[in-house]
Amino acid sequence: MAHMNRSPFSNDIILLAIHWYLRYALSYRDLEEILEERGIEVDHSTINRWVKRYTPDIEKNFRKRKRPTGGSWRMDETYVKVKGVWKYLYRAVDKEDNTIDFLLTSKRDTAAAHRFFKKAINNNGVPDKINIDKSGANKAGIQTYNERNGFNIEIRECKYLNNIVEQDHRFIKKIIRPMLGFKNFNYARITLAGIEIVRMIKKGQLCLENSANLTVAEQFYSLAF
C-alpha cells in the first residue's frame, strides 16, 4: 500500500494510532494526549477519521488470511449503545475460543439472527452444530437458514456451553467502555470490526508464515500492505 493519505503523518504513525485505539481501552482524547507526550501532535478528530477510513481495508485483508475455525459453535449476543440506544452485537466462537464472526444489528429478532448466521457461514463454512441460549429468535434463525439452504445444522441449547462466548464478550466491552457509546451506527460497526480483528490476532487467528516471530502489533500492521 502506498502512503495512506496526503497528511504530514507517516503510515507508521497512522497505523500506530489505529492499533492503539482498537487494542486498548482508550478514548480518542486519551490517545491524542499519549501521542503528544511522544512528540506527535495530532487532533483526536483526525485519529477518528483514520479509524473510519482504514479499518474496513484492514478487515478485508484479515479475512483473506483468517485461519479456519472449528465446526462446533457457541453463539450469543451482547449489547452496545449507539446514539444512546442499545443495539445488539451478535458473536460466535468455536469450542477452542476462536472467534467465528460478529454482526451489529439494530434489532434482536429472527431476521437479525438469520443475517448473522448467513454472514458467519458464508465467511467460515457450515458448522456441524451451534449452541445457543434459550432465545427463540436465535433458534428460529438457524432453522430458517437450514430450511432455505437445505442444511441440517444441529441446534443445542445448553447454557454452560455458552460460558466461553459470554466470557469473550468481556474483552470487547472492556475496550469500548471508554468510548462512552457510539454516535453513528456505521462507525460503531467499523470500530467493532477493528476491535474484533485485534482480538482475533491475539488469539493467533491470523495466518502468516512467520506469525510466531511477530508481535500482535506487527501482525496488525501487516494487514495494511
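Table: residues versus (1) of a type in the set (Gly, Ala, Ser); (2) touching a residue at least 60 places away in the same chain (Cβ under 8 Å); (3) closer than 21 Å to residue 90 by Cα.
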site	(1), (2), (3)
169	no, yes, yes
200	no, yes, yes
209	no, no, no
212	yes, no, no
217	yes, yes, no
### Search result, residues across segment 83-105 that are more than 12 Å from residue 169 (Cβ to Cβ) and among the polar types (S, T, N, Q)
98, 105
### Task
Among the residues of segment 119-158, write down those that are surrounded by fewer than 17 Cβ atoms within 10 Å (Cβ to Cβ), touching a Phe, Trp or Tyr at 6+ places or on another chain (Cβ under 9 Å) and in contact (Cβ under 8 Å) with a residue 24 or more places away in the chain.
126, 128, 129, 144, 151
### Query
Hey, among 94, 76, which residue is under 24 Å from residue 202 (Cβ atoms), surrounded by 17 or more Cβ atoms within 10 Å (Cβ to Cβ) and touching a residue at least 40 places away in the same chain (Cβ under 8 Å)?
76
### Query
Looking at (1) modelled with pLDDT under 95; (2) assigned by TED's automatic domain parsing to the domain that holds residue 76; (3) small (Gly, Ala, Ser), which is the only condition residue 212 fails?
(2)
### Message
Residues to consider are 103, 89; find the one that is crowded, with 19+ Cβ neighbours inside 10 Å, farther than 16 Å from residue 161 by Cβ and without any contact (Cβ under 8 Å) to a residue 40 or more places away in the chain.
### Response
103
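Anything in segment 120-135 that is in a helix (DSSP H, G or I) and under 15 Å from residue 154 (Cβ atoms)? List them, or say none. Full working, then the answer.
Taking segment 120-135 as the starting set, the residues that turn out to be in a helix (DSSP H, G or I) are 120-124.
The answer is 121, and nothing else.
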### Query
Based on what the data block shows, is residue 176 within 25 Å of residue 27 (Cα to Cα) and either at pLDDT below 95 or of a type in the set (A, V, I, L, M, F, W, C) (or both)?
yes
### Query
How many residues are under 19 Å from residue 85 (Cα atoms) and within 11 Å of the chain's Cα centre (by Cα) when one looks only at segment 174-201?
5
### Task
Restrict the check to segment 156-165 and report whether at least one residue is within 18 Å of the chain's Cα centre (by Cα) and within 24 Å of residue 185 (Cβ to Cβ).
yes
### Task
Can you tell me which residue within segment 18-29, out of those that are closer than 13 Å to residue 58 by Cβ and among the aliphatic types (A, V, I, L, M), is surrounded by the fewest Cβ atoms within 10 Å (Cβ to Cβ)?
22
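The values are calculated or read from the model by the stated rules, or taken from the named source; none is laboratory data. Computed from a prediction, not measured in an experiment: that's the story for all the values here. Methodologically, a virtual Cβ is constructed for each residue, glycine included, from the backbone with ideal geometry; neighbour enumeration extends over all protein chains shown.
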